[in-house]
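In what follows, a single structure is set out as structure tokens and then discussed.
The values are calculated or read from the model by the stated rules, or taken from the named source; none is laboratory data. Remember, predicted model here, so these are calculated numbers, not experimental data. Virtual Cβ from ideal backbone geometry, glycine too; neighbours counted across all protein chains shown. Side chains are part of the model used for accessible areas, which takes the heavy atoms of the whole protein and leaves out ligands, DNA and RNA. Shrake-Rupley method; radii C 1.70, N 1.55, O 1.52, S 1.80 Å.
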Amino acid sequence: MGLGDFGLSILASWLANKIDFKKSAPENISSKSDEAPQKEKTSESPKAQKFKTFDAWNDLSRILTAVKSPVISILIEDEPSTHYHLPSMVLESSVTGEWYVFSRGRMSFEGNGGGIRNSQEIIDQVKAAGANIGTWVVTKSEIEALDNGYITWPKVKQNAIPLLARVARDYTWDEIERNVTKQIK
């Protein structure tokens, strides 16, 4: 994957998220003109950003030094949003419980290009800070919602599956597991 392809994949993901947001906005139109519009009750509330997310390349070192007893959770989407299963990352304090989300786009555990090199540099920085690292598989829709600040880490965490316990067995997951193991040890 070249730099141009990488940029296009990020742009495509961003655009898809924007289109999905506009398509999923609830319509509150009443068929009777004398009645006030009523909101439909759905299982999902409209998406509203609840918190700021960060970029691992630009923001990690600053936040990593501010967090006491850091624990890193690497979240890998269960279905690829681009050609690869892109990881997101959460930095959490085991002392205070505060957490910070680093959205997808900088790291990869597949292929042999810039995503792998970025992952190694980011993980080296995390290891140098003495942080423990866990790797999880999370649904693509939950990672998208987390990356955009729509749902919180505690909600996603309860549904996360440890990478080694995933059900899917195919070459792609074997490659991801091999690369994660190699970079974390």
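So if we plug the beta-carbon distance of I63 and D174 into 1/(1 + (r/R0)^6) with R0 = 25 Å, what FRET efficiency do we get, rounded to 0.05?
It comes to 0.20.
Normalise the Debye intensity by I(0) for the stretch 71-115, one equal point scatterer per Cα, no solvent, then take log10 at q = 0.18, 0.34 Å⁻¹ and round to two decimals.
Results for the stretch 71-115 at q = 0.18, 0.34 Å⁻¹ read -0.56, -1.21.
Which of rounded, prolate or oblate describes the stretch 87-156 when judged by the alpha-carbon gyration tensor and an a/c cut-off of 1.5?
oblate
Accessible area, 1.4 Å probe, largest first: how do Y84, Y100 sort?
The ordering from most to least exposed comes out as Y100, Y84.
Per residue, how many Å² of accessible area does the stretch 50-182 show with a 1.4 Å probe?
On a per-residue basis, the stretch 50-182 sits at 48 Å².
Is there a pair in K50/K182; K47/K127; K140/K185; K47/K185; K68/K155 whose C-alpha atoms are over 28 Å apart, and which pairs would that be?
In this structure, K50/K182; K47/K127; K47/K185 lie more than 28 Å apart at Cα.
Would you mind pulling out the separation of the Cα centroids of the stretch 112-149 and the stretch 78-103, in Å?
Cα centroid to Cα centroid, the span is 6 Å.
With each pseudo-label sitting 7 Å past Cα toward Cβ, what's the V95-A48 distance in nm, one decimal?
Each label point lies 7 Å from its Cα, and together they span 3.4 nm.
Accessible area of the stretch 50-182 with a 1.4 Å probe: how many percent of it is carbon plus sulfur?
About 50 percent, which is the carbon plus sulfur part of the accessible surface.
Could you give the length gained by full extension between A165 and N118, i.e. 0.36 nm per residue of separation minus their alpha carbon distance, to one decimal place?
14.4 nm
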